[in-house]
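Here the structure comes first, spelled out in structure tokens, and everything after it is commentary.
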Amino acid sequence: MSVELFDPQLVIARLAERVSGLRKVAGAVDFATAAQDLKQPPAAYVIELANRASRNSLAVMAVSQENEIRFGVIMAVQNLRDARGDAAQTDMNVLVRKPVMAALLGWAPHPDSTVIEYSGGRLLQLDNLVLWWQDDYLTSILERSS
């Protein structure tokens, strides 16, 4: 049986190659880990959020099921110009979010996976130094027995 799990290193490599404005691209377990690691924005951290498998579609002694994978890209930009974060939000959208989306949307990270789709985003934190944002993405891998 061939089992394929989500490999965040594939996404990290893609972002490092395609998004030139990022000073750091890495993996993280969660937001707290990313926040502790941040030294110099702009940066992006890839985190696996969830897996959801479909039911097996084959008979007994064989497996064929879709494993839907939800992952996030946590992004950070500097917020030094204003307390409301307006300039940082513009920087986030233009310099980080759009290039990250362009690098990921429609790309299949594995030969047995579907292309990546955008799933939504949200503000994680704004302070007087950093604006944190997370965009979520979906892909799926077909798990099957030989």
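Where a number appears in this text, it was derived from the coordinates with a stated rule and is not lab data. Because the structure is a prediction, the values reported are computed rather than measured. Every residue, glycine among them, receives a Cβ derived from its backbone with ideal geometry; neighbour counts consider all protein chains shown.
Normalised by the number of residues in segment 8-144, what is the relative contact order in percent for Cα pairs under 8 Å and 6+ residues apart? List each step's numbers first, then the result.
Details: 282 pairs, mean separation 34.5, N = 137.
Answer for segment 8-144 is 25 percent.
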Arrange the peptides 91-100, 15-24 so that the one whose residues have, on average, the most other Cβ atoms within 10 Å appears first. 91-100, 15-24
Can you give the angle from 0 to 90° between the axis of helix 8-18 and the longest principal axis of the chain, with both taken from C-alpha atoms, to the nearest 10? 50 degrees
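Suppose only helical runs count, i.e. DSSP H with n ≥ 4. What mean residue ellipticity at 222 nm does that imply for the chain under -39500 (n - 2.57) per run, divided by all residues and rounded to the nearest 500 deg cm²/dmol?
Working: 4 runs with 31 residues, N = 146.
For the chain, the value works out to -5500 deg cm²/dmol.
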Say R0 is 22 Å: what FRET efficiency, to the nearest 0.05, do Asp30 and Gln125 get from their beta-carbon distance? 0.95
Using 1/(1 + (r/R0)^6) with R0 = 22 angstrom and r between the beta carbons of Gln65 and Trp107, what's the FRET efficiency to the nearest 0.05? 0.45
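Averaged over all directions, how much area does the convex hull of the C-alpha atoms of the chain cover when projected, in nm²?
Numbers: hull surface 35.7 nm².
Approximately 8.9 nm², given one-decimal rounding.
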Looking only at segment 69-98, which residues have a backbone nitrogen under 18 Å from a spot 7 Å from the Cα of Lys39 in the C-beta direction? 76-78
